[in-house]
Amino acid sequence: MTHKKRMLMAARGEMPDMLPYAPRFDLWYNSNAYRNRLPEKYRGMAPNEIARSEGWGLHKVIPELLEAEHPEENLYRCLGLYGLKENGCRIEFSDQVEIKVEKWTEGEEGLTRVAYHTPKGVITTTELINDEMRNAGVSITWVKERAIKRVEDYETLAFLLEQVRVIPDFDRYAKWQAEVGLSKGISWMPLNFSITTGTTGVLCAGWPSRWSRFLNSSSRWLGIPRPKWCCGEPISTT
């Protein structure tokens, strides 16, 4: 019986022949590989190779966020937009957006600042990673500067999101899927989207008009109905 069959049986409340096991050990692996402290038998092995050698299923719910094949795959990380091989798509912007990237170091910190210049204004974000984080095995950078810092940023960000183009990239996904193997575990990473705001005061200011405008701008390419908003009432997408 394959790992996938065991997982699906457990999800249906059925009893597989043994406990489905697909541990997430990427943090352990990242930390020990970075510090050159992997156990001798695992040295020179990739995480998939280790899992297969131990008879484990492959944990693929979390993508390899720091292992992008091309810089633009996780360049928009602070907007919550990824075009990784696990997503099955690429992220692009229309010619209404000019993107400027700046990278620099401060001590042990490596920082990346992305500025999105639009006719409605500029959105800037900054992410960082340092040795302490790598020693701990982190799998993602830390957002130092968030996209929304002022009430006025809602309108600019809404315009920016309207310029997003989600480009199918199924061939690269299929190649990754073939490497993982359909029988080895359940592997799926949909298009991820999350915007991090600044303070609660910024988030609530002008509610609900600015927040509604912001969400409406992303509903077009997310493929969901535009939310209907009423002050003091629950959110509805029907």
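Name the pairs whose Cβ atoms lie under 8 Å apart, with the first residue in the range 36-55 and among the hydroxyl-bearing types (Ser, Thr, Tyr), the second outside any loop (DSSP other than H, G, I, E, B) and surrounded by 16 or more Cβ atoms within 10 Å (Cβ to Cβ), and 6 or more positions between them or separate chains?
Listed pairs, sorted by first residue: Tyr42/Ile50.
For (1) of a type in the set (A, V, I, L, M, F, W, C); (2) over 30 Å from Lys5 (Cα atoms), each residue gets a yes or a no:
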{"residue": "Glu54", "(1), (2)": "no, no"}
{"residue": "Gly57", "(1), (2)": "no, no"}
{"residue": "Val61", "(1), (2)": "yes, no"}
{"residue": "Glu67", "(1), (2)": "no, no"}
{"residue": "Glu72", "(1), (2)": "no, yes"}
{"residue": "Arg77", "(1), (2)": "no, yes"}
{"residue": "Gly83", "(1), (2)": "no, no"}
{"residue": "Arg90", "(1), (2)": "no, yes"}
{"residue": "Phe93", "(1), (2)": "yes, yes"}
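Quick one: is Val143 over 18 Å from Leu27 (Cβ atoms), in a loop (DSSP other than H, G, I, E, B) and in contact with a helix residue (DSSP H, G or I) (Cβ under 7 Å, 6 or more places away or on another chain)?
Answer is no for this residue.
Among the residues of the range 140-151, count how many are in contact (Cβ under 8 Å) with a residue 60 or more places away in the chain and buried (at least 17 other Cβ atoms within 10 Å of the Cβ). Full working, then the answer.
Here is the first cut: in the range 140-151, the residues in contact (Cβ under 8 Å) with a residue 60 or more places away in the chain are 140-141, 143, 145-147.
Retained after the next criterion (residues that are buried (at least 17 other Cβ atoms within 10 Å of the Cβ)): 141, 146-147.
So the count comes out to 3.
Consider Asn74 carefully, then state whether it is buried (at least 17 other Cβ atoms within 10 Å of the Cβ) and either in contact with an Asp or Glu (Cβ under 6 Å, 6 or more places away or on another chain) or not small (Gly, Ala, Ser) (or both).
yes
Of everything in the range 3-35, what is surrounded by fewer than 17 Cβ atoms within 10 Å (Cβ to Cβ), in a loop (DSSP other than H, G, I, E, B) and touching a residue at least 60 places away in the same chain (Cβ under 8 Å)? Give them in sequence order.
Arg35
Can we say Glu127 is acidic (Asp, Glu), part of a strand (DSSP E or B) and surrounded by 14 or more Cβ atoms within 10 Å (Cβ to Cβ)? Walk me through it before giving the result.
On the way: acidic (Asp, Glu): yes; part of a strand (DSSP E or B): yes; surrounded by 14 or more Cβ atoms within 10 Å (Cβ to Cβ): yes.
Yes: the conditions hold for Glu127.
Tell me which residues, restricted to the range 36-47, are hydroxyl-bearing (Ser, Thr, Tyr) and not in a helix (DSSP H, G or I).
Of all residues in the range 36-47, those hydroxyl-bearing (Ser, Thr, Tyr) come to 42.
If the condition is that a residue be hydroxyl-bearing (Ser, Thr, Tyr) and not in a helix (DSSP H, G or I), then no residue fits.
What single numbered condition from (1) of a type outside the set (S, T, N, Q); (2) crowded, with 16+ Cβ neighbours inside 10 Å; (3) part of a loop (DSSP other than H, G, I, E, B); (4) at pLDDT below 90 fails to hold for Arg213?
The failed condition is (3).
Any chance the range 88-101 includes a residue that's crowded, with 19+ Cβ neighbours inside 10 Å, in contact with a Ser or Thr (Cβ under 6 Å, 6 or more places away or on another chain) and either at pLDDT below 90 or not aromatic (Phe, Trp, Tyr) (or both)?
no
Kindly indicate which of Tyr154, Tyr116 is on the phi < 0 side of the Ramachandran plot, buried (at least 19 other Cβ atoms within 10 Å of the Cβ) and not in a helix (DSSP H, G or I). Step through it out loud before you land on a result.
On the way: Tyr154 fails: not in a helix (DSSP H, G or I).
Going through Tyr154, Tyr116 in turn, just one is on the phi < 0 side of the Ramachandran plot, buried (at least 19 other Cβ atoms within 10 Å of the Cβ) and not in a helix (DSSP H, G or I): Tyr116.
Give the range 63-104 a look and list any residue that's over 17 Å from Phe159 (Cβ atoms), of a type in the set (D, E, K, R) and outside any strand (DSSP E or B), or say none.
Glu64, Glu67, Glu69, Glu72, Glu73, Arg77, Lys85, Glu86
Can you give me the number of residues within the range 90-113 that are in contact with a helix residue (DSSP H, G or I) (Cβ under 7 Å, 6 or more places away or on another chain) and of a type in the set (A, V, I, L, M, F, W, C)?
First pass over the range 90-113, keeping only residues in contact with a helix residue (DSSP H, G or I) (Cβ under 7 Å, 6 or more places away or on another chain): 97, 108.
If we keep only those that are of a type in the set (A, V, I, L, M, F, W, C) too, we end up with 97.
So the count comes out to 1.
The values are calculated or read from the model by the stated rules, or taken from the named source; none is laboratory data. Source: prediction; values computed, not measured. Positions of Cβ are backbone-derived with ideal geometry, glycine not excepted, and every protein chain shown enters the neighbour counts.
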